[in-house]
Amino acid sequence: MLPGGSIRTEGIDFGLNYRLETKDFGIVNLFANANLLFSYQVKLGSGTPWLSYKGQYTDSQAVAAPQGMIPDYNVTAGITWSIFNFDYTVIGHYIPGVTDLGDLHPSVGADSNDFTRNGKSFTVPSYYKVDMQLAYNVRSDSGKKWYDGTRIAVGVNNVTDNLPLLIASSSEDNTDKGTYDIIGRFVYFEVAKKF
């Protein structure tokens, strides 16, 4: 951005957490977080107009003042079921599709997009991934043994093995490594101890 450049944005963050304790079936915890974007505008310098970046992907090789991935909203939701010292968690992440204008972006003003074959804007589809984890919490009856507070877990990130999406104008291997899971399905084991 030039001197006098600035960003203004409006939106709402939502959070929900509901805990249900049952007598025979353990504890169920439902949770969700979301961000709803009303506007995301960038002014390149004094005397220049405000430009909208909402619902778009912008990259430094194509656009002035690139902002990366700015979806209209995003949602993360999940559930944890705790019973018999076990915790089973499932978390889903969802990002709606965005438009990659490339050098059709108003900050550039080209007549044709050099990053697509047909010269038009590129549509990046929506993306989701699901993570799961099963953990066992070691607890003695007295709660005073050396092994109390130990947690053993196995998990899988990106269970559905969704690949990162193609973005025509991206200089990061034609994707957005900060938004999408570039590793793919990943299995891990974890041992943790609270002191």
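Remark: the chain carries a charge dipole of roughly 640 debye about the Cα centre, counting +1 on each Lys and Arg Cβ and -1 on each Asp and Glu Cβ. Three semi-axes describe the equivalent ellipsoid of the chain; taken as square roots of 5 times the Cα gyration tensor eigenvalues and ordered largest first, they are 44, 19, 15 Å. Here the stretch 148-188 and the stretch 18-82 have alpha carbon centers that stand 17 Å from each other.
Neighbours of residue 120, meaning other residues whose beta-carbon lies under 14 angstrom from its beta-carbon, give a summed charge of -3 when Lys and Arg score +1 and Asp and Glu score -1. Highest average first, the peptides 117-129, 46-58 ordered by how many other beta carbon atoms sit within 10 Å of their residues are 46-58, 117-129. Compute the signed sum of charges (Lys and Arg +1, Asp and Glu -1) over the other residues within less than 13 Å, Cβ to Cβ, of residue 71. Every neighbour counted, the sum reads -2.
Averaging the sequence gap over all C-alpha pairs within less than 8 Å and six or more residues apart, then dividing by the number of residues, gives the chain a relative contact order of 15 percent.
3J(HN,Hα) couplings calculated from phi for the stretch 60-75 with the Karplus curve 6.51 cos²θ - 1.76 cosθ + 1.60 (θ = phi - 60°) are, in sequence order, 5, 7, 10, 10, 6, 6, x, 10, x, 8, 10, x, 5, 6, 8, 9 Hz; Gly and Pro show x.
Among the listed pairs 54/129; 54/120; 54/177; 145/193; 43/177; 144/193, those whose Cα-Cα separation exceeds 24 Å are 43/177.
Over every Cα atom in the stretch 72-147, the radius of gyration and the widest Cα-Cα span, Dmax, amount to 23.6, 73 Å.
Taken together, the values in this text are just the output of simple stated rules run on the coordinates, not laboratory data. As the structure is a prediction and not an experimental result, all values here were calculated from the model. Because the Cβ atoms are built from the backbone with ideal geometry, glycine has one as well, and the counts that use them run over all protein chains shown.
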